[in-house]
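The values are calculated or read from the model by the stated rules, or taken from the named source; none is laboratory data. Bear in mind the structure is a predicted one, so any value in this text is a computation, not a measurement. Glycine gets a Cβ as well: all are built from the backbone with ideal geometry, and neighbour counts include every protein chain shown. We work out accessible area using only protein heavy atoms, side chains counted, and drop any ligands, DNA or RNA first. Shrake-Rupley method; radii C 1.70, N 1.55, O 1.52, S 1.80 Å.
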Amino acid sequence: MQMTFRWFGEGNDTVPLSYIKQIPGTDGIVWSLHDVPAGEEWPIERTMEVKQQAEQAGLHIDVVESVNVHEDIKLGLPSRDLYIENYKRTIEKLGSVGVKVICYNFMPIFDWLRTDLHRPMGNGATALFYENSRIANADPFQLVEEINANSALTMPGWEPERLQHLTSLFEAYKGVTETHLWENLRYFLNEIIPVAARSGIRMAIHPDDPPWPVFGLPRIMTSQENFRTFLKLYDSPSNGITLCSGSLGANPNNDIVSMIHEFGDRIPFAHIRNVRVYENGDFIETSHRTQDGTVDISGIVKAYHDIGFTGYARPDHGRHIWDEQCRPGYGLYDRALGIMYLWGLWDGYVHAAATNGDKEAGS
Ligand code: DNO
(Lines give C-alpha, C1' and ligand atoms only; values in the text may rest on other atoms or scores of the structure.)
Protein backbone atom coordinates (compact mmCIF):
# COMPACT_ATOMS: atom_id res chain seq x y z
CA MET A 1 0.00 0.00 0.00
CA GLN A 2 1.38 3.40 -0.97
CA MET A 3 -0.07 6.18 1.19
CA THR A 4 -0.97 9.55 -0.32
CA PHE A 5 -2.73 12.74 0.79
CA ARG A 6 -5.07 14.94 -1.22
CA TRP A 7 -3.72 18.45 -1.80
CA PHE A 8 -5.64 21.22 -3.54
CA GLY A 9 -2.70 23.31 -4.73
CA GLU A 10 -0.69 26.33 -3.70
CA GLY A 11 -2.96 29.08 -2.36
CA ASN A 12 -5.93 26.73 -2.56
CA ASP A 13 -5.22 24.45 0.40
CA THR A 14 -4.73 25.17 4.10
CA VAL A 15 -2.16 22.38 4.45
CA PRO A 16 1.42 23.08 3.31
CA LEU A 17 3.27 20.36 1.43
CA SER A 18 5.98 20.35 4.11
CA TYR A 19 3.38 19.26 6.70
CA ILE A 20 2.18 16.43 4.46
CA LYS A 21 5.74 15.21 4.20
CA GLN A 22 5.87 14.97 8.01
CA ILE A 23 3.02 12.44 8.17
CA PRO A 24 4.73 9.05 8.61
CA GLY A 25 4.62 6.74 5.62
CA THR A 26 3.11 9.32 3.26
CA ASP A 27 4.96 9.75 -0.01
CA GLY A 28 2.76 11.51 -2.51
CA ILE A 29 0.01 14.01 -3.13
CA VAL A 30 -3.27 13.39 -4.87
CA TRP A 31 -3.83 16.47 -6.98
CA SER A 32 -5.71 18.16 -9.78
CA LEU A 33 -5.88 21.45 -11.65
CA HIS A 34 -9.10 22.42 -9.94
CA ASP A 35 -9.64 25.58 -11.96
CA VAL A 36 -9.53 23.94 -15.40
CA PRO A 37 -13.16 23.42 -16.46
CA ALA A 38 -14.33 19.90 -17.30
CA GLY A 39 -13.79 19.20 -21.00
CA GLU A 40 -10.72 21.39 -21.44
CA GLU A 41 -7.26 20.07 -22.13
CA TRP A 42 -4.85 20.55 -19.19
CA PRO A 43 -1.93 22.90 -19.88
CA ILE A 44 1.38 21.05 -19.58
CA GLU A 45 3.14 23.99 -17.86
CA ARG A 46 0.67 23.87 -15.00
CA THR A 47 1.18 20.14 -14.47
CA MET A 48 4.96 20.67 -14.52
CA GLU A 49 4.55 23.38 -11.92
CA VAL A 50 2.73 21.04 -9.50
CA LYS A 51 5.30 18.32 -10.15
CA GLN A 52 8.12 20.68 -9.23
CA GLN A 53 6.40 21.93 -6.08
CA ALA A 54 5.68 18.38 -4.93
CA GLU A 55 9.12 17.06 -5.73
CA GLN A 56 10.78 19.94 -3.91
CA ALA A 57 8.83 18.84 -0.85
CA GLY A 58 9.92 15.22 -1.42
CA LEU A 59 6.50 14.03 -2.60
CA HIS A 60 5.40 12.30 -5.80
CA ILE A 61 2.47 13.21 -8.07
CA ASP A 62 1.51 9.71 -9.19
CA VAL A 63 -2.22 10.12 -8.54
CA VAL A 64 -4.54 12.70 -10.08
CA GLU A 65 -8.04 13.21 -8.66
CA SER A 66 -9.89 14.14 -10.74
CA VAL A 67 -9.89 14.82 -14.42
CA ASN A 68 -13.58 15.69 -14.58
CA VAL A 69 -15.78 14.35 -17.35
CA HIS A 70 -17.80 16.90 -19.32
CA GLU A 71 -21.58 16.54 -18.96
CA ASP A 72 -21.97 16.17 -22.75
CA ILE A 73 -20.01 12.91 -22.49
CA LYS A 74 -22.31 11.59 -19.75
CA LEU A 75 -25.30 12.76 -21.77
CA GLY A 76 -24.00 11.18 -24.97
CA LEU A 77 -24.39 14.38 -27.03
CA PRO A 78 -22.65 14.69 -30.44
CA SER A 79 -20.35 17.34 -28.94
CA ARG A 80 -18.88 14.64 -26.67
CA ASP A 81 -16.27 13.67 -29.26
CA LEU A 82 -14.51 17.00 -28.95
CA TYR A 83 -14.39 16.73 -25.15
CA ILE A 84 -13.21 13.13 -25.36
CA GLU A 85 -10.34 14.21 -27.63
CA ASN A 86 -9.33 16.80 -25.02
CA TYR A 87 -9.58 14.14 -22.33
CA LYS A 88 -7.30 11.83 -24.29
CA ARG A 89 -4.70 14.54 -24.77
CA THR A 90 -4.82 15.27 -21.04
CA ILE A 91 -4.24 11.58 -20.29
CA GLU A 92 -1.23 11.55 -22.63
CA LYS A 93 0.24 14.66 -21.04
CA LEU A 94 -0.23 13.32 -17.54
CA GLY A 95 1.44 10.09 -18.60
CA SER A 96 4.38 12.08 -19.92
CA VAL A 97 4.97 13.74 -16.53
CA GLY A 98 4.86 10.40 -14.72
CA VAL A 99 1.26 10.18 -13.48
CA LYS A 100 0.20 6.56 -12.89
CA VAL A 101 -3.47 6.77 -11.85
CA ILE A 102 -6.32 9.08 -12.83
CA CYS A 103 -9.43 9.08 -10.65
CA TYR A 104 -12.69 10.35 -12.18
CA ASN A 105 -16.40 9.86 -11.73
CA PHE A 106 -19.46 9.49 -13.91
CA MET A 107 -22.12 11.11 -11.70
CA PRO A 108 -24.63 13.31 -13.55
CA ILE A 109 -24.32 17.02 -12.61
CA PHE A 110 -23.38 16.62 -8.97
CA ASP A 111 -20.30 15.08 -7.49
CA TRP A 112 -20.47 14.05 -3.82
CA LEU A 113 -23.37 15.39 -1.83
CA ARG A 114 -23.82 16.31 1.84
CA THR A 115 -26.44 18.39 3.62
CA ASP A 116 -24.27 19.71 6.44
CA LEU A 117 -20.55 20.36 6.20
CA HIS A 118 -20.04 21.02 9.91
CA ARG A 119 -22.34 18.78 11.90
CA PRO A 120 -21.44 19.01 15.62
CA MET A 121 -20.41 15.63 17.06
CA GLY A 122 -20.92 16.54 20.70
CA ASN A 123 -17.24 16.70 21.61
CA GLY A 124 -16.16 19.91 19.88
CA ALA A 125 -15.48 18.17 16.58
CA THR A 126 -17.65 18.58 13.49
CA ALA A 127 -18.03 16.36 10.46
CA LEU A 128 -19.71 16.04 7.09
CA PHE A 129 -23.29 14.83 7.36
CA TYR A 130 -26.00 13.59 5.00
CA GLU A 131 -29.64 13.88 5.93
CA ASN A 132 -31.82 11.71 3.74
CA SER A 133 -35.12 13.51 4.17
CA ARG A 134 -33.53 16.86 3.41
CA ILE A 135 -32.31 15.63 0.02
CA ALA A 136 -35.55 13.84 -0.73
CA ASN A 137 -37.53 17.06 -0.27
CA ALA A 138 -34.94 19.59 -1.34
CA ASP A 139 -34.84 22.01 -4.18
CA PRO A 140 -31.31 21.26 -5.44
CA PHE A 141 -30.67 24.89 -6.43
CA GLN A 142 -31.44 26.22 -3.01
CA LEU A 143 -29.62 23.44 -1.23
CA VAL A 144 -26.38 23.98 -3.13
CA GLU A 145 -26.52 27.71 -2.50
CA GLU A 146 -27.18 27.28 1.20
CA ILE A 147 -24.41 24.76 1.67
CA ASN A 148 -21.79 26.67 -0.28
CA ALA A 149 -22.72 29.90 1.52
CA ASN A 150 -21.76 28.24 4.79
CA SER A 151 -18.29 27.33 3.68
CA ALA A 152 -15.42 29.66 2.91
CA LEU A 153 -14.03 27.20 0.37
CA THR A 154 -16.03 25.51 -2.34
CA MET A 155 -16.29 21.75 -2.06
CA PRO A 156 -14.44 19.80 -4.74
CA GLY A 157 -16.96 18.85 -7.38
CA TRP A 158 -19.14 21.83 -6.46
CA GLU A 159 -17.19 24.40 -8.41
CA PRO A 160 -19.29 27.46 -9.36
CA GLU A 161 -18.56 26.97 -13.07
CA ARG A 162 -20.06 23.51 -12.89
CA LEU A 163 -23.14 24.60 -11.02
CA GLN A 164 -24.01 27.79 -12.85
CA HIS A 165 -25.86 25.93 -15.57
CA LEU A 166 -28.00 23.85 -13.24
CA THR A 167 -31.32 24.64 -14.91
CA SER A 168 -30.24 23.70 -18.41
CA LEU A 169 -28.41 20.64 -17.09
CA PHE A 170 -31.51 19.32 -15.35
CA GLU A 171 -33.39 19.95 -18.57
CA ALA A 172 -30.78 18.00 -20.56
CA TYR A 173 -30.97 15.01 -18.21
CA LYS A 174 -34.73 14.66 -18.60
CA GLY A 175 -35.36 11.17 -19.97
CA VAL A 176 -31.77 10.02 -19.43
CA THR A 177 -31.97 6.62 -17.76
CA GLU A 178 -29.42 4.29 -16.18
CA THR A 179 -29.29 2.39 -19.47
CA HIS A 180 -28.28 5.56 -21.34
CA LEU A 181 -25.65 6.31 -18.74
CA TRP A 182 -24.15 2.80 -19.09
CA GLU A 183 -24.07 3.19 -22.86
CA ASN A 184 -22.39 6.58 -22.64
CA LEU A 185 -19.87 5.25 -20.14
CA ARG A 186 -19.04 2.35 -22.46
CA TYR A 187 -18.50 4.75 -25.37
CA PHE A 188 -16.19 6.88 -23.22
CA LEU A 189 -14.18 3.86 -22.01
CA ASN A 190 -13.77 2.49 -25.54
CA GLU A 191 -12.18 5.79 -26.50
CA ILE A 192 -9.98 6.55 -23.51
CA ILE A 193 -8.78 3.23 -22.11
CA PRO A 194 -6.46 2.37 -25.05
CA VAL A 195 -4.90 5.83 -24.70
CA ALA A 196 -4.47 5.35 -20.95
CA ALA A 197 -2.89 1.92 -21.48
CA ARG A 198 -0.40 3.39 -23.98
CA SER A 199 0.38 6.23 -21.57
CA GLY A 200 1.13 3.93 -18.61
CA ILE A 201 -1.94 5.16 -16.76
CA ARG A 202 -4.62 3.27 -14.90
CA MET A 203 -8.01 4.98 -14.95
CA ALA A 204 -9.92 4.53 -11.70
CA ILE A 205 -13.63 5.36 -11.56
CA HIS A 206 -14.94 6.64 -8.24
CA PRO A 207 -18.20 5.28 -6.79
CA ASP A 208 -21.21 7.56 -6.70
CA ASP A 209 -21.50 9.33 -3.38
CA PRO A 210 -24.01 8.62 -1.95
CA PRO A 211 -24.48 5.40 -3.92
CA TRP A 212 -28.09 5.97 -4.96
CA PRO A 213 -29.95 8.33 -7.33
CA VAL A 214 -30.38 11.91 -6.12
CA PHE A 215 -32.80 14.60 -7.33
CA GLY A 216 -34.19 12.11 -9.84
CA LEU A 217 -30.80 11.82 -11.61
CA PRO A 218 -29.58 8.30 -12.39
CA ARG A 219 -26.48 6.94 -10.65
CA ILE A 220 -24.83 3.67 -11.65
CA MET A 221 -21.52 3.23 -9.79
CA THR A 222 -23.27 2.10 -6.65
CA SER A 223 -22.87 -1.61 -5.89
CA GLN A 224 -20.71 -4.71 -6.26
CA GLU A 225 -22.87 -5.99 -9.07
CA ASN A 226 -22.58 -2.71 -10.98
CA PHE A 227 -18.82 -2.58 -10.53
CA ARG A 228 -18.64 -6.11 -11.90
CA THR A 229 -20.58 -4.93 -14.96
CA PHE A 230 -18.34 -1.89 -15.22
CA LEU A 231 -15.11 -3.92 -15.29
CA LYS A 232 -16.52 -6.07 -18.09
CA LEU A 233 -17.35 -3.03 -20.21
CA TYR A 234 -13.66 -2.82 -21.01
CA ASP A 235 -11.45 -5.62 -19.81
CA SER A 236 -8.04 -4.07 -19.22
CA PRO A 237 -5.82 -3.34 -16.21
CA SER A 238 -6.11 0.31 -17.27
CA ASN A 239 -9.83 0.23 -16.63
CA GLY A 240 -10.03 0.20 -12.84
CA ILE A 241 -11.78 1.40 -9.73
CA THR A 242 -11.13 3.91 -6.97
CA LEU A 243 -12.61 1.80 -4.21
CA CYS A 244 -14.01 4.37 -1.78
CA SER A 245 -15.13 2.67 1.43
CA GLY A 246 -16.94 5.74 2.69
CA SER A 247 -19.02 6.33 -0.44
CA LEU A 248 -20.00 2.68 -0.82
CA GLY A 249 -20.30 2.23 2.94
CA ALA A 250 -23.17 4.73 3.07
CA ASN A 251 -25.26 1.79 1.87
CA PRO A 252 -24.90 -0.94 4.53
CA ASN A 253 -25.73 -3.59 1.91
CA ASN A 254 -22.38 -2.99 0.23
CA ASP A 255 -19.81 -5.55 1.41
CA ILE A 256 -16.54 -3.75 0.78
CA VAL A 257 -14.32 -6.58 2.02
CA SER A 258 -15.92 -8.85 -0.54
CA MET A 259 -15.38 -6.21 -3.26
CA ILE A 260 -11.67 -5.99 -2.41
CA HIS A 261 -11.34 -9.76 -2.77
CA GLU A 262 -13.33 -9.84 -6.00
CA PHE A 263 -11.88 -6.78 -7.76
CA GLY A 264 -8.36 -6.83 -6.17
CA ASP A 265 -6.03 -6.27 -9.12
CA ARG A 266 -8.45 -3.81 -10.74
CA ILE A 267 -8.20 -1.42 -7.76
CA PRO A 268 -5.26 0.93 -8.35
CA PHE A 269 -6.50 3.43 -5.78
CA ALA A 270 -8.23 3.03 -2.41
CA HIS A 271 -10.07 5.70 -0.43
CA ILE A 272 -10.31 4.39 3.12
CA ARG A 273 -12.63 6.09 5.57
CA ASN A 274 -15.47 5.32 7.93
CA VAL A 275 -19.06 6.54 8.15
CA ARG A 276 -21.76 5.92 10.73
CA VAL A 277 -25.05 5.07 9.09
CA TYR A 278 -28.17 5.60 11.19
CA GLU A 279 -31.39 3.61 10.99
CA ASN A 280 -33.16 6.29 8.98
CA GLY A 281 -30.37 6.22 6.39
CA ASP A 282 -28.66 9.46 7.46
CA PHE A 283 -24.91 9.20 7.80
CA ILE A 284 -22.00 11.11 9.33
CA GLU A 285 -18.30 10.87 8.48
CA THR A 286 -16.77 9.69 11.76
CA SER A 287 -13.13 9.09 12.63
CA HIS A 288 -11.39 6.25 10.80
CA ARG A 289 -11.54 3.97 13.84
CA THR A 290 -13.63 0.87 13.14
CA GLN A 291 -15.67 1.13 16.36
CA ASP A 292 -16.64 4.75 15.64
CA GLY A 293 -18.65 3.95 12.52
CA THR A 294 -20.48 1.22 10.67
CA VAL A 295 -17.82 0.42 8.05
CA ASP A 296 -15.43 -2.43 8.90
CA ILE A 297 -12.19 -0.50 8.46
CA SER A 298 -10.09 -3.21 10.17
CA GLY A 299 -11.57 -5.85 7.85
CA ILE A 300 -10.95 -3.61 4.84
CA VAL A 301 -7.29 -3.03 5.67
CA LYS A 302 -6.90 -6.75 6.38
CA ALA A 303 -8.42 -7.54 2.97
CA TYR A 304 -5.97 -5.17 1.25
CA HIS A 305 -3.14 -6.74 3.20
CA ASP A 306 -4.26 -10.26 2.35
CA ILE A 307 -4.50 -9.60 -1.40
CA GLY A 308 -1.00 -8.04 -1.31
CA PHE A 309 -2.30 -4.62 -2.32
CA THR A 310 0.47 -2.49 -3.81
CA GLY A 311 -1.73 0.35 -5.10
CA TYR A 312 -2.23 3.85 -3.76
CA ALA A 313 -4.43 4.75 -0.80
CA ARG A 314 -5.57 7.90 0.90
CA PRO A 315 -7.44 8.49 4.16
CA ASP A 316 -10.05 10.42 2.17
CA HIS A 317 -11.99 12.77 4.47
CA GLY A 318 -11.57 13.59 8.12
CA ARG A 319 -13.53 15.35 10.85
CA HIS A 320 -12.72 18.95 11.75
CA ILE A 321 -10.93 18.77 15.09
CA TRP A 322 -8.79 20.92 17.39
CA ASP A 323 -10.39 24.07 15.91
CA GLU A 324 -8.67 23.60 12.58
CA GLN A 325 -9.84 25.98 9.85
CA CYS A 326 -9.83 23.97 6.66
CA ARG A 327 -11.75 22.80 3.62
CA PRO A 328 -14.74 20.69 4.64
CA GLY A 329 -13.44 17.17 5.15
CA TYR A 330 -9.91 18.09 4.17
CA GLY A 331 -8.08 19.23 7.28
CA LEU A 332 -4.64 18.05 8.27
CA TYR A 333 -5.26 16.71 11.77
CA ASP A 334 -7.92 14.08 11.39
CA ARG A 335 -6.65 12.82 8.06
CA ALA A 336 -3.17 12.44 9.59
CA LEU A 337 -4.70 10.53 12.53
CA GLY A 338 -6.55 8.41 9.97
CA ILE A 339 -3.30 7.57 8.18
CA MET A 340 -1.68 6.47 11.42
CA TYR A 341 -4.69 4.27 12.20
CA LEU A 342 -4.51 2.68 8.76
CA TRP A 343 -0.77 2.06 9.04
CA GLY A 344 -1.26 0.71 12.57
CA LEU A 345 -3.73 -1.85 11.29
CA TRP A 346 -1.60 -2.65 8.25
CA ASP A 347 1.61 -3.16 10.23
CA GLY A 348 -0.31 -5.31 12.72
CA TYR A 349 -1.45 -7.58 9.90
CA VAL A 350 2.05 -7.69 8.42
CA HIS A 351 3.44 -8.63 11.79
CA ALA A 352 0.75 -11.26 12.41
CA ALA A 353 1.39 -12.83 9.01
CA ALA A 354 5.15 -12.93 9.68
CA THR A 355 4.63 -14.45 13.11
CA ASN A 356 2.22 -17.06 11.76
CA GLY A 357 4.69 -17.80 8.99
CA ASP A 358 7.42 -18.38 11.59
CA LYS A 359 5.13 -20.68 13.52
CA GLU A 360 4.21 -22.65 10.40
CA ALA A 361 7.87 -22.89 9.38
CA GLY A 362 8.76 -24.13 12.86
CA SER A 363 6.01 -26.71 13.10
C1 DNO B 1 -14.79 14.01 -2.42
C2 DNO B 1 -14.22 13.17 -3.43
C3 DNO B 1 -14.93 13.25 -4.75
C4 DNO B 1 -14.05 12.58 -5.79
C5 DNO B 1 -14.64 12.54 -7.16
C6 DNO B 1 -13.79 11.71 -8.08
O7 DNO B 1 -14.13 14.31 -1.48
O8 DNO B 1 -14.08 11.86 -3.01
O9 DNO B 1 -15.15 14.58 -5.11
O10 DNO B 1 -12.86 13.29 -5.89
O11 DNO B 1 -15.92 12.03 -7.15
O12 DNO B 1 -14.00 12.12 -9.37
### Message
With a 1.4 Å probe and all protein chains kept in place, how much accessible area does LYS302 have, in Å² rounded to the nearest 10?
### Response
90
### Message
Give me the mean projected area, in nm² to one decimal, of the convex hull enclosing the Cα positions of the chain.
### Response
18.5
### Query
Using heavy-atom solvent-accessible surface (probe 1.4 Å) with all chains present, what is the largest-first order of SER79, SER236?
SER79, SER236
### Query
Given a 1.4 Å probe, how much area per residue of region 244-363 is accessible, in Å²?
41
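Checking the a/c ratio against 1.5 first, then a/b against b/c, what shape does the Cα gyration tensor give for region 38-101? Could the numbers behind the result be given before it?
Values: a/c = 3.05, a/b = 2.62, b/c = 1.17.
The shape class here is prolate.
For n ≥ 4 DSSP H runs only, could you compute -39500 (n - 2.57) per run for the chain, divide by its residues and tell me the 222 nm figure to the nearest 500? Display every interim value, and only then the final one.
Working: 14 runs with 151 residues, N = 363.
That comes out to -12500 deg cm²/dmol.
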### Summary
The alpha-carbon center of region 71-112 and that of region 253-288 are separated, in whole Å, by 25
### Task
For HIS60, list long-range residues whose amide hydrogen, built 1.01 Å from N in the peptide plane, is under 5 Å from its own amide hydrogen.
GLY28, ILE29
### Message
Rounded to the nearest percent, how much of the accessible area of region 2-362 (1.4 Å probe, protein heavy atoms only) is carbon and sulfur?
### Response
50
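Taking 0.36 nm per residue of separation and subtracting the Cα-Cα distance, what length does fully extending ASP255 through THR177 add? Before the final figure, lay out the partial values.
Working: separation 78, 0.36 × 78 = 28.08 nm, distance 2.58 nm.
Result: 25.5 nm gained on full extension.
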### Query
ASP334: accessible area at probe 1.4 Å, nearest 10 Å²?
0
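Over 25 Å between Cα atoms: which of LYS51/LYS302; LYS51/LYS232; LYS174/LYS232; LYS74/LYS232 fall into that group? Don't skip to the answer; put the middle values down first.
Details: LYS51/LYS302 32 Å; LYS51/LYS232 34 Å; LYS174/LYS232 28 Å; LYS74/LYS232 19 Å.
Too far apart for the 25 Å limit: LYS51/LYS302; LYS51/LYS232; LYS174/LYS232.
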### Query
What is the packing order of peptides 283-290, 323-330, taking the mean over residues of other C-beta atoms within 10 Å and listing the highest first?
283-290, 323-330
